[in-house]
């Protein structure tokens, strides 16, 4: 599951599994404010690809990069996808709209 942007504000994460699970898979997607329709399409597409590669995504957080404090994350390029867990963190930048390419890249890092 994932959260959707509302009125350009920073979004909260939604947990869909027990945090004590040792093999949690968590992603954070940084987006720049744009049309809500475009964001929702990209969020759905990226979440679908992440779930197809990892079979279960326990946490999927969407961050409105315009409303977020960048000093804490050092994410300056958007859109950006961060695989937060399992460790080590992995960063994916640039065009995330091509599901086949994203699937291939995520699969390489699995």
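Every number in this text was worked out from the coordinates using simple rules, so none of it is lab data. Note that this is a predicted model, so its numbers are computed, not measured. Every residue, glycine among them, receives a Cβ derived from its backbone with ideal geometry; neighbour counts consider all protein chains shown.
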Inset, instruction - Provide 29, 96 in ascending order of the number of other Cβ atoms located within 10 Å of each residue's Cβ, fewest first. - result: 96, 29
Legend entry - Proxy reagent accessibility, fewest Cβ within 10 Å first, across 89, 100, 61: 100, 89, 61
Inset, instruction - Between residue 23 and residue 97, with labels modelled 7 Å along Cα→Cβ, what's the label distance in nm to one decimal, could you check? - result: 3.5
Inset, instruction - Work out how much length residue 87 to residue 38 would gain on full extension: take 0.36 nm times their residue separation and subtract the Cα-Cα distance, in nm to one decimal. - result: 14.6 nm
Legend entry - Separation of the residue 45 and residue 77 label points, Cα + 7 Å toward Cβ, nm: 1.8
Inset, instruction - Among DSSP beta bridges lying fully in the range 26-108, give the percent that are antiparallel, nearest 5. - result: 60
Legend entry - Projected label distance in nm at residue 55 and residue 109, using a 7 Å step from Cα toward the beta-carbon: 2.1
Legend entry - Fewest-first sequence of 66, 44 by Cβ atoms within 10 Å of each Cβ: 44, 66
Legend entry - Relative contact order (percent, whole number), the range 26-108, Cα cutoff 8 Å, 6+ residue spacing: 41
